[in-house]
Amino acid sequence: MATESAAHEIEQRPEPVSRPKILADGVMGMLLFVFAEIMMFAGLISAHRIVRSQVAGEMWPPYGQPRLPVQETAVNTAALLVSGIVLVFAHLAFKKEASRARLPILIALLLGLFFVGSQGAEWVALLGEGLTIQSSTYGGFFYLIVGAHGLHAIAAILALGWASFELYKGRLTGSQLATVSVFWYFVVLLWPVLYLIVYL
Amino acid sequence: MVEATAEVWHAQHEVHEHHGPQGVLKYLWSTDHKVISMQYLFTGMFMAVVGGFMAYVFRMQLAFPGSSVPGFGIVSPGEYNSLVTNHGSIMIFWVAMPVLIAAFGNFLIPLMIGADDMVFPRINRLSFQVFFISALVILGSLFVEGGGFGGAWTAYPPLSAKGVYNQTPLGATLWLIGVALEFVAFLLGGINFITTLMNARAPGMKAYDIPMVCWMIVIASILFMLSVGPLIAGAVMLLFDQTLGTGFYDPAMGGDPVLWQHLFWFFGHPEVYVVMLPAIGITIDIVATFARKKLFGYKLMLYTTVATGVLSFFVWAHHQFISGIDPRMANVFMVTTLLISVPIAELMFVIIATLYGGSIRLATPMLWALAFIAEFLIGGVTGIFLGASGADIYFHDTYFVLAHFHYTFFPIAIIGTFAALTYWFPKMFGKMMSDKLGKIHFWGTIIPFNFIFIPLFVLGMGGQHRRIYNYQHFPDLAGADFQRLRIIATVALLVMLAFQLVFFYNFIRSLLRGEKAPKNPWNANTLEWTTESPPPHGNWPPDQMPKVYRGPYEYGRPDRESDFWPQDEPA
C-alpha cells in the first residue's frame, strides 16, 4: 500500500503566478502564417521543378521564348536584400528611441517600392517580348511564382507603410513593429531563393 | 489578457449586454469564442443535412436505378456526378472540419485552458465570416448553369481543368473558389488556436496539464497549416488552367496532370489526421471521465500523436500507386503507410488501457466514445489492405476504398461529433440532454451504419468500381446478388437518416425544456466545468480566473475521498 500511494504522489508545485507567454501574440501568429506561406511556395517551387524536369532535352526556356533578364533582376534582388538589412537597423534604433526608427523604415519602404516597381517594368517588357502566362509552362510558372511573391511584397509594403504611419503618430508598439518585420523578412529572404530557381 | 478589476469587468459586461450590437447582430457580429463556436456548429449541422440528403439521393439511384427519388426526382448522370462530388466535399470541408476543429476548438480551447477568449478575437470572427461565404459559394455552385462540379472531390485534372471535359465550367470554378475560401478560414482559425494554446494558458498550466482534446486540436491545426500550402499552390494553378488558359496540368502544353494528384494528396492525407486527431482527443477526454480513471500514458499519447503527425506527411503517394508512379517509390510509400498504423494502434491501446479496471459509466457520450474506438478500428484495419501496393492494384477505386474511408470518416465526423455534443451540451447550452433519447439515437445510428458499409466492402471485393451512375450498364456488376447488397445498404441508410430525427428532437426539446445543467454534471476535472453552464461573456469573472495545480486526469485517486480532483483546486 505504501508503494501504491507513492506511485500516486504528484509533485508539489509552487503557487502559480502568471500566464506563460512564449512570444508576443502578434509575432507568433505571424510566424505561423509565414510557415504556411513557406509551404505554399515550396509547393509552387516543386511543381516548377517537376514540370521543368519533364521537358524534353531540358529546353528551358523552351524554343522561341525570351530569356529572363538575369542581370537587371540582380539589382532588384540587391535592393530588396538591403531593405531587409535596413529594417534590422530600424529595429535596433526603435529599441533605443522609437522616433529614430522613422528614417530607416522609410528607406526600407522606398527600397521595397523600387523592387515592386522595377519588377512591374520587367513584366511589361517581357510581355512585349511574347512571354505570357499562356505561351508556355515556362511563362506560366514565371508569372505565377514571381506574381505570388509580388503580391506578398505589396502586402508587406502596405503593412510597413501602416507601421510607419503609426510611428509618426507615436502609437507603434515594439511587438507591432516585430510582427510587421517578420513578414517583411519573409518576403526579403524568400526572394533570393525564387531568383535562383526561376531566373537561373 | 487584460487583468481588469471585478467592477470594471461587470461594468463592461453590462455595456456589452445593453449597448453592444443588439438582437440578431449580437450573434452575427460577435467576437466571443462561444458565439463563433455556435455559428460554426450550426452551419456545420446544416451542411451535414445537405450532405446527408445528397447521400440519400445517390444511394436511392444506385439501389433503384432510373426510378424517381422522392424529394428529388429522376437523377441524371450529370446530377449523380455532382451529388457524389459535393457530398464528399461538403462532408469533409463543411462538416467535419468546421464542427470538429472550428466549433469544438473555439468552444473548448479557451475554456479548457482558462482563458477569457482567443488571443485574436477579431481574426476569429473573420475566420467564420470567410467560412460562411465559402459555404454560400459551394451551395450556390449547385444551382448555376450546367450544375455543380462533378469531377469528384479530389478534382483530378484533366477532368477538372477544362470545361469541355467536365461540362460544368462554372460549377468547377465555383467549387474551387469555395474550397479555397474555406482554407483561408481555417488558416486564420488555426493561427488562433495555436497561438492561444501557447500564450494564453491559465497560470500554472504546464504543457502536460493541457487536456488531450486541446492538444489534439492544436496538433491538427499545425498539420493543417503545414500541409495546406502546396494545395493552395496547386489550386491556384488549377484555377488558372480553368480560367486563364494556362497549361500547368495539360500535357499538350508541357504540363503534368499527375502533379495535381501529388499536390492534392500532400494536403489530403495529413487532412485525414487533421480531422481524426480532434475526434480521438474527444474520445480520450470522455473515456477518462466516464472510466473514472487516470489517462494511461499521457506523455506516450502526446508523443505518439506528434509522431503520427510527422509520418502523415510521408504517406501521400499511396494514392498514386496506379497513377504511374515508379515502383521503387511505391515501395517506400507502402512502408511509411503501413508504419503509420503503429502510432494509431498505440493510441487505441492507450485508450483501452485507460478503460481497464475503471468504474465505467455507460452514459450516452461514453457509448459514442466506445463506438468510435470500435468502428474506427475497422476503418484502420481495412486501410492496411489499401496501403499494400500489391493489394491496392486490385482494390484501387473500388467500393472497398469507399467503405474503408467511410469507416474512418464516419466515426470521426459523425460519431466523434455526437460524442462531443452529448458530452459538452450541458456546458454549451446550460441544459441537460435526455439520456434515454440519446441512447435510442445512438443504437439507431450505429447499427444501420454497419449495415450500410459492410455490404459495400463485399461489393468492393467483388470488383464494383466507384463513381458509376448505373451498374445495369455493366453486365458483370449487374447481378441480382450485387443489387441485393446495394439495396441493403440503401435501406440501412434510410433507417439511419430516420433515426437522426430522434437526435434533432432531443436537441431542440433539451434546448427548450431540458433540465437545467449544473456546473459540473459529469464530475470532470477540466477547467470548463468550473464556470457557469453556459459560461458568461469572458468565461470567468476576472477576479476568479482559474489557476491550475495539476494534470487534467486525476480521477479515482485512492488517497482522496471524492473520485475526481479538479485542476483548479488548490492542493
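The values are calculated or read from the model by the stated rules, or taken from the named source; none is laboratory data. In this text, all values refer to a predicted model and were calculated from it rather than measured experimentally. As a convention, Cβ positions derive from the backbone with ideal geometry for all residues, glycine included, and neighbour counts pool all protein chains shown. We work out accessible area using only protein heavy atoms, side chains counted, and drop any ligands, DNA or RNA first. Shrake-Rupley method; radii C 1.70, N 1.55, O 1.52, S 1.80 Å.
Per residue, how large is the accessible surface of segment B:30-210? Use a 1.4 angstrom probe and give square angstrom. Each step should come with its number before you reach the end.
Details: 5220 Å² over 181 residues.
Per residue, segment B:30-210 has an accessible area of 29 Å².
For segment B:234-384, averaging the sequence separation of C-alpha pairs within contact (under 8 Å, six or more residues apart) and dividing by the residue count gives a relative contact order of 27 percent.
Averaged over its residues, chain A has an accessible area of 50 Å² per residue, based on protein heavy atoms and a 1.4 Å probe.
Once the other residues with Cβ under 9 Å from the Cβ of residue B:517 are scored (Lys, Arg +1; Asp, Glu -1), what is the net sum?
On the way: positive: B:427, B:431, B:516, B:519; negative: B:515.
Taking every Cβ under 9 Å from that of residue B:517, the sum is +3.
Computing FRET efficiency as 1/(1 + (r/R0)^6) for residue A:56 and residue A:123, where r is the C-beta to C-beta distance and R0 is 25 Å, gives about 0.35.
Using a 1.4 Å probe on the protein chains only, how many percent of the accessible area of chain B belongs to carbon and sulfur? Can you show the working numbers first?
On the way: 14670 of 20870 Å².
Its accessible area is 70 percent carbon and sulfur atoms.
Note on A:143-155: average number of Cβ atoms from other chains within 10 Å of each residue's Cβ is 1. For the peptide B:546-553, the mean number of other protein chain Cβ atoms found within 10 angstrom of a residue's Cβ is 2. Placing R0 at 25 angstrom, the Cβ-Cβ distance between residue B:76 and residue B:451 gives a FRET efficiency of 0.30 after rounding to 0.05. Distances between placed amide hydrogens fall under 5 Å for residue B:431 paired with B:517, all partners being 5 or more residues away or on another chain.
How high is the relative contact order of segment A:115-200, given as a whole-number percent (alpha carbon pairs under 8 Å, six or more residues apart)?
Working: 37 pairs, mean separation 22.2, N = 86.
It comes to 26 percent, rounded to a whole number.
Site pair residue B:122 and residue B:491 shows an inter-label distance of 5.9 nm when each label is modelled 7 Å from Cα along Cα→Cβ. The distance linking segment A:165-200 with segment B:39-67 is 46 Å (Cα centroid to Cα centroid, whole angstrom). In the assembled protein chains, residue A:184 presents an accessible area of approximately 10 Å² (probe radius 1.4 Å). In this structure, the pairs whose alpha-carbon distance is over 20 Å, taken from A:96/A:169; B:34/B:294; B:294/B:431; A:21/B:206, are B:34/B:294; B:294/B:431.
Where only DSSP H runs of four or more residues are counted, the protein assembly as shown gives -22000 deg cm²/dmol as its mean residue ellipticity at 222 nm, each run worth -39500 (n - 2.57). Computed with a 1.4 Å probe over protein heavy atoms only, the accessible area of residue B:183 comes to about 10 Å².
Relative to the first principal axis of the alpha-carbon coordinates of chain B, what is the inclination of helix B:435-461, with its axis defined by its Cα atoms, in degrees from 0 to 90 and to the nearest 10? Helix B:435-461 sits roughly 30 degrees off the main axis of chain B.
Starting from the Cα of residue B:547, draw a straight line to each of the aspartates and glutamates and keep only those under 15 Å, dropping any in the same chain fewer than 8 residues away. Within the straight-line limit of under 15 Å, residue B:547 reaches these aspartates and glutamates: A:15, B:3, B:116, B:209, B:528, B:568, B:569.
Take every residue in peptide A:44-57, count the Cβ atoms of other chains within 10 Å of its Cβ, and give the average of those counts.
Working: counts 8, 2, 6, 12, 2, 0, 6, 8, 1, 1, 5, 1, 1, 0.
The per-residue average across the peptide is 4.
Counting only alpha carbon atoms, the long axis of helix B:327-339 and the longest principal axis of chain B meet at about 30°. The simple spin-label model puts a point 7 Å past each Cα toward its Cβ; for residue B:253 and residue B:322 those points are separated by 3.0 nm. Against chain A, whose longest principal axis comes from its Cα atoms, helix A:137-168 is set at around 50 degrees. Tell me whether the protein assembly as shown comes out rounded, prolate or oblate; compute the Cα gyration tensor, take square roots of the eigenvalues as a ≥ b ≥ c, and use a/c under 1.5 as the rounded threshold. Here the protein assembly as shown falls in the oblate category.
With contacts taken as Cα pairs under 8 Å at a separation of at least 6 residues, chain B carries a relative contact order of 16 percent.
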